[in-house]
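Taking it in order: structure first as structure tokens, then the write-up.
The values are calculated or read from the model by the stated rules, or taken from the named source; none is laboratory data. Since this is a predicted model, take the numbers as computed values, not measurements. Methodologically, a virtual Cβ is constructed for each residue, glycine included, from the backbone with ideal geometry; neighbour enumeration extends over all protein chains shown. Accessible surface is based on the protein model in full, side chains and every heavy atom, while ligands, DNA and RNA are left aside. Shrake-Rupley method; radii C 1.70, N 1.55, O 1.52, S 1.80 Å.
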Amino acid sequence: MSTEDYDYLFKIVLIGNAGVGKTCLVRRFTQGLFPPGQGATIGVDFMIKTVEIKGEKVKLQIWDTAGQERFRSITQSYYRSANALILTYDITCEDSFCCLPEWLREIEQYANNQVVTILVGNKIDLADKREVVRQRAEEFADTQSMLYLETSAKESDNVEKLFLDLACELIREA
Ligand code: GDP
Ligand code: MG
């Protein structure tokens, strides 16, 4: 038997504007909860969760930015060795969508060129406040060869799917 308790280990990094729900997505997935109130900062750089996909144990090391989301303040060290990036915006916040090209420039500059990127539109529970229509986001993701998914960290909608889809894609590309 192997000394390792997993078949695959992947590093997943969350990026996107402050307030879009990155920390809530990570906590929903790793701890099964939606943090009450503001200030969902977690005191650690990363969280671990192991999932099973087709009988194989996939260990996910998930890095959250913990409040350093300003462009260029997250440096290469954060992106280095990331296997996947979750680029998140808030569907109720046009600004967070309009910043995506800036994040893509960062990815281009700092991430390795095999990185798998998924674009995530979060907060779909707030449908009546939606500012970015789904088709527009899908088309944008398409032009950048990114996967696209809409989630709600609050309602636990598509959060599990987000990480499992990503893990499947990473296994396929491994
Ligand atoms: P981060 O700065 O990207 O890490 O964003 P946070 O995870 O700290 O979330 C920012 C704010 O958005 C907090 O007030 C959260 O409660 C709220 N939030 C996060 N995800 C959702 C969601 O799916 N739905 C709703 N309605 N609010 C959310
Ligand atoms: Mg955060």
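Quick notes on this structure:
- Choice from Ala141, Ala153, Ala127 with maximal GNM fluctuation in the chain (Cα, 10 Å cutoff): Ala127
- Residues whose amide H lies under 5 Å from that of Asn122, counting only those 5 or more places away or on a different chain, are Tyr89, Asp90, Ile91, Thr151; hydrogens are built 1.01 Å from N in the peptide plane.
- Of Arg80, Arg28, Arg136, the one that fluctuates the most in a GNM where the chain has Cα springs shorter than 10 Å: Arg136
- Taking Gln135, Gln31, Gln76 as the candidate residues, the one with maximal mean-square fluctuation in a Gaussian network model of the chain, Cα springs under 10 Å, is Gln135.
- Sequence-distant lysines (8 or more away, or on other chains) whose Cα lies within less than 26 Å of Lys129: Lys22, Lys154, Lys161
- Dmax and Rg, reported as Rg then Dmax, of the chain (C-alpha, Å): 15.4, 53
- Spin-label pair Arg134/Glu102, simplified geometry with 7 Å Cα→Cβ offset, distance in nm: 2.9
- Counting only DSSP beta bridges with both residues in the chain, the antiparallel share comes to about 30 percent.
- Order by protection proxy (mean Cβ within 10 Å, highest first), peptides 9-21, 99-111, 82-94: 82-94, 9-21, 99-111
- Projected area averaged over orientations for region 96-174, convex hull of C-alpha atoms, nm²: 5.6
- Solvent-accessible area per residue for the chain (1.4 angstrom probe, square angstrom): 53
- Counting only protein heavy atoms and a probe of 1.4 Å, the accessible surface of the chain is 45% carbon and sulfur.
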